[in-house]
1. I need the full set of residues from region A:191-207 which are within 14 Å of chain B (Cβ to nearest Cβ), surrounded by 23 or more Cβ atoms within 10 Å (Cβ to Cβ) and in a strand (DSSP E or B), in order please.
2. Given the structure, is residue B:88 in a loop (DSSP other than H, G, I, E, B), in the same structural domain as residue B:189 (by TED's automatic domain parsing) and touching a residue at least 60 places away in the same chain (Cβ under 8 Å)?
3. So which residues in region B:33-78 are out of contact with any Ser or Thr (no Cβ under 9 Å at 6 or more places or on another chain), among the polar types (S, T, N, Q) and either in the same structural domain as residue B:203 (by TED's automatic domain parsing) or not in a strand (DSSP E or B) (or both), if there are any at all?
4. Look at residue B:163 and say whether it is part of a strand (DSSP E or B) and assigned by TED's automatic domain parsing to the domain that holds residue B:201.
5. Which of the residues that make up region B:35-50 are within 11 Å of chain A (Cβ to nearest Cβ) and farther than 18 Å from residue B:73 by Cα?
6. So which residues in region A:242-251 are open to solvent by 50 Å² or more (accessible area, probe 1.4 Å) and more than 9 Å from chain B (Cβ to nearest Cβ), if there are any at all?
7. Considering only residues that are away from chain A (no Cβ under 14 Å) and more than 18 Å from residue B:150 (Cβ to Cβ), which ones fall in region B:85-112?
8. Contact list please: Cβ distance under 8 Å, first residue in region B:6-26 and assigned to a loop (DSSP other than H, G, I, E, B), second residue open to solvent by 70 Å² or more (accessible area, probe 1.4 Å) and at pLDDT 70 or above, pairs at least six apart or on different chains.
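The values are calculated or read from the model by the stated rules, or taken from the named source; none is laboratory data. Just so we're clear, the structure is a prediction, and the values are computed from it rather than from any experiment. Heads up, the Cβs are rebuilt from the backbone with ideal geometry, glycines too, and the neighbour counts pull from every protein chain shown. The area values use the complete protein model at the heavy-atom level, side chains included, leaving out ligands, DNA and RNA. Shrake-Rupley method; radii C 1.70, N 1.55, O 1.52, S 1.80 Å.
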Amino acid sequence: MAGFDLLSDQGLRLDGRRSNELRKIQCKLGVFSQPDGSSYLEQGNTKVLAAVYGPHEIRGSRAKRLLDQVLVNCQYSMATFSTGERKRRPRGDRKSQEMSSHLRQTFEAAIKTELYPRSQIDIFVEVLQADGGNYSACVNAATLALVDAGIPLHEYVTSCTTVLAPPPATSWDDEKLEEGEIALVDASHREETSGSPTLTVAALADSGRLVLCQVGQRLHLDRMNRALERALQGCKDVRDVLDEAVRDHLANCGISEAASS
Amino acid sequence: MMAENVCINVAYQRTTFTVPISQPTPRIYTPGEVISPHAGFIVSHGTYIDGDYLKASVAGVKEQVDKLVYVRPLKNRYNGEIGDVVVGRVTEVQQKRWKVDTNSRLDSNLLISSMNLPGGELRRRSVEDEKMMRKFLQEGDLISAEVQNVFDDGSLSLHTRSLKYGKLSQGILLTVFPSLIRRRKNHFHDLHCGASIILGNNGFIWISPTINTEVEGGAGGFTQNLDKEVSMEEREVMARLRNCILALAASKMSLYDTSIVYAFEESQKYKVSELLDAENMLDVALMTYHRLESQEET
């Protein structure tokens, strides 16, 4: 372990959280007027904008049209100023293509795709500031945007990134020490790049069904279950925050007016 | 030249457009929430059955008619119903039909056989007519039409078999959520202020100068008069109407002839350009809301 410990002796992380605590999530729905649905989400210092268009007629090549379900089209991009190093980031590079296809898989599972045959739903996410858990923040923001657009979902799909940190060298709690690595929920950039194994999970939060599970670095199978459990709990916590935001938005946005007409 | 009255706001001081509504907020359902342990309900829009439960799939309010349960979201794409008036933009010219973007999930069809061609209503559609299709309507043209049929996949078939429908020429197109348009008997209005509006059920609103139908032969059909100059006063009225409708839409107030006329009248104390300020928009919406409320009470 180079330089610093991810967990202090007291069991606190570098930014002062406990191992099972999320960063502060702030979000807003309906930030744009042009798309059908949009959202802005901050998860600590990770900031993401999402916009959803559709379902609409397939533009461009007709060949992509699916006769039994909707075509989900995702685009992930990062702003030039999103990381410490200022750098032009073309949309088509390998990393963002991979992210886009992961997002597509996630949302094909969450959207009730069979309802809109021959149509297309576009999901655009842009990372404005990257501070760890980019994929997770994008999933959470896009979920909000889809809800805002009124697109039928099975459930909220939320995501959480965990890092398995080695236990502190000297712990106040000897039992903790024996458990081995500790899963840190909602990892920040510092934690993600520390070289410890990361586990990114996207799940349908209510039923706990996994949609996407991605492991970076080598992870011992014995550790897998505990990390997965923690990550799923993180997804559920995120879901509660998003749900509250959606309810607030609808209540403040004159749902009663639209309902009365 | 210095621009006068530049208005800059920081994000956290942004005006919230909500009109205070007296009635309590209804129960809101969100995706995945259990509506009831499934017991013989008919599943409809915004709901689905998962195991033993009836769950919501969108965020909105629940409505129930006997055993039919549905959840209506605040906004979604336009779901056509037969007889709706729509405004749309032609996206494609195909054999025997035009594809029209009507803000619904698939483009609508306008068949050449369901429109009145120039020169007699009961005329056979010949091959020549099919070759002439691009002369009638091109890609990018705006039309008003009525929904003739709704297909299984949700796409619409339109018709323009009345003189009030047809190609639109000079005016302003506005887009709002389809749920904000209140369904009325008539969606074509010649307002006293000197402009006409078409409130498309699909959320597309068309504002145009009023055309004297007796002299110029109606707005319908496929003639487009782009030579006629619209006077400054008419333009100002149209621009004011546009801003008023946007003000109402920003506050999520339903749009129909009365609410628009009231908003237009309440906006007179502002200049047209001032109506773009968030605070003034909210003020106009509030005044309109109170006027509609007081009218309902009497």
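1. Keep residues of region A:191-207 that are within 14 Å of chain B (Cβ to nearest Cβ), which gives A:203-207.
Then drop every residue that is not surrounded by 23 or more Cβ atoms within 10 Å (Cβ to Cβ), which leaves A:203, A:205.
Selection gives A:203 alone.
2. Judged against the criteria, residue B:88 is not a match.
3. Scanning region B:33-78 gives a single hit, B:44.
4. On the way: part of a strand (DSSP E or B): no; assigned by TED's automatic domain parsing to the domain that holds residue B:201: yes.
Spelling it out, it is not the case that residue B:163 is part of a strand (DSSP E or B) and assigned by TED's automatic domain parsing to the domain that holds residue B:201.
5. If we filter region B:35-50 for residues that are within 11 Å of chain A (Cβ to nearest Cβ), which is where we start, we get B:45-48, B:50.
Selection gives B:50 alone.
6. Here is the first cut: in region A:242-251, the ones open to solvent by 50 Å² or more (accessible area, probe 1.4 Å) are A:244, A:247-248.
Hits for region A:242-251 are A:244, A:248.
7. If the condition is that a residue be away from chain A (no Cβ under 14 Å) and more than 18 Å from residue B:150 (Cβ to Cβ), then B:93, B:95, B:96, B:112 are the ones that fit.
8. Matching pairs, first to second residue: B:15/B:9; B:15/B:279; B:16/A:252; B:18/A:252.
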